[in-house]
1. Tell me, how many Å apart are the Cα centres for segment 36-60 and for segment 99-160?
2. For segment 31-45, take each phi angle, set θ = phi - 60°, evaluate the Karplus expression 6.51 cos²θ - 1.76 cosθ + 1.60, and give the result in whole Hz per residue in order, putting x for glycine and proline.
3. Toward the positive end of the charge dipole of segment 26-138, about the Cα centre and with charges on Cβ (Lys, Arg +1; Asp, Glu -1), which of Phe81, Phe28, Pro46 goes farthest?
4. Got a sec? How would Glu158, Glu30 order by Cβ neighbour count within 10 Å, fewest to most?
5. Restricted to Cα positions, what overall size does segment 2-139 have along the principal axes? Three whole-Å values, descending.
6. Could you compute how fast segment 135-275 diffuses translationally, taking Rh as the Kirkwood radius over C-alpha pairs and applying Stokes-Einstein at 4 °C with viscosity 1.567 mPa s? Give it in µm² per second.
7. So for Leu79, Leu247, Leu326, fewest C-beta neighbours within 10 Å to most, what's the order?
8. Neighbouring Cβ atoms within 10 Å as the yardstick, rank Ser318, Ser259, Ser239 fewest first.
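Taken together, the values in this text are just the output of simple stated rules run on the coordinates, not laboratory data. These figures come from a predicted structure and were not determined experimentally. Ideal geometry is used to build each Cβ from the backbone, glycine not excepted, and the neighbour counts take in all protein chains shown.
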Amino acid sequence: MNILVLELKRIGDLILTLPALHALKAAFPEARLTLCLLEGCQGLLPGIPTVDEALIYRRHSLNTELLSRLARGKYDICLDFTGNDRAAFFALLSGARRRITFKHTRRYPHRAWAYNEFVDSNVVDCHTVDHHLNLLAPLGIRHDAATPPPIELTPPPETERQTEERLAELGIKGPFAVVHPGTARAEKYWEPGKWAAVIDHCQGQLGLPCVITGSNDSFEQTHLAAIRAHLHTAPHDLSGKIDLMGLCAIIRRASLLLSMDSAPVHIGAAFGTPQIALFGQTNPHVWRPRHPRAIILYPGTPGPVTHFAPDTPIRPLSELPIETVLQAIALLYPAQTHLP
């Protein structure tokens, strides 16, 4: 059996599709699983053991080789997790006998004709992992939302070795925190001065070295430069210096991860890394990490969020005070943990 999976969204979306890939492989261990993904996400491929073949969509390219491989793939099943025009075209081109996507695609007749099976699942009503797993129902694959399959992400041994060497070069021998303040969406940003205060607290009060991560995008680097301008301590800056697998490996080793809702939140969820995730412009009901060592903070809530609902309103992250984040750090990394 040949199964084609279309996931043409961003890194976080791909990570939250991994439990569905795991469930697919568990249900059909002899099946050949092909994943079609965006070029910007391909750095995760070495850590996804369930994928037998990858097809890369490259922006600003004719993608002739990709289209040719889709047309001659002889797929039995196509699962589209994306739901845009491009994915609809790819699904039709695949020639798969069963072309499955979500029911909301029917609102766009120019897309809906590319599919012959639709699943009634709305991402705003459930966690994204569960939403993705729901797409497998026509294949007889059911799941329990209380115990979803794992987010299976495994950095290769070479990446692990390089990460060990990099940490040694930085002089980090014990616990450390990863701080990832950037993302592709500026409206998610927390103020630079607040990030700097948190980093200074970790390094100055807790003796917990901080490693700043991020992309080399000029917009994100401007945000990181503003944070550095407010700092009174000197964190280790690896922004723009490690690839996606390197980011995974360093988050896996971290004693604490701090970020807004962005790809590192989902990477941390894959490894169960103790983490504090700041939400405001996106709903934690849909995107939050769900392991027991994750604390979700939201503006207007004085401590960790414990109730999640589909109708959570959007609020500016600027309304989240520094003190709330420092109190959450104390819960995950109390000061006495670094004492002899």
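1. 17 Å
2. Each residue of segment 31-45 in turn: 6, 8, 9, 10, 10, 9, 9, 6, 4, x, 9, 5, x, 7, 4 Hz.
3. Selected residue: Phe81.
4. If I rank by nearby Cβ atoms, fewest first, I get Glu30, Glu158.
5. Its Cα atoms span 35, 33, 28 Å along the three principal axes.
6. 80 µm²/s
7. Leu326, Leu247, Leu79
8. Ranked by crowding around the Cβ, least crowded first: Ser318, Ser239, Ser259.
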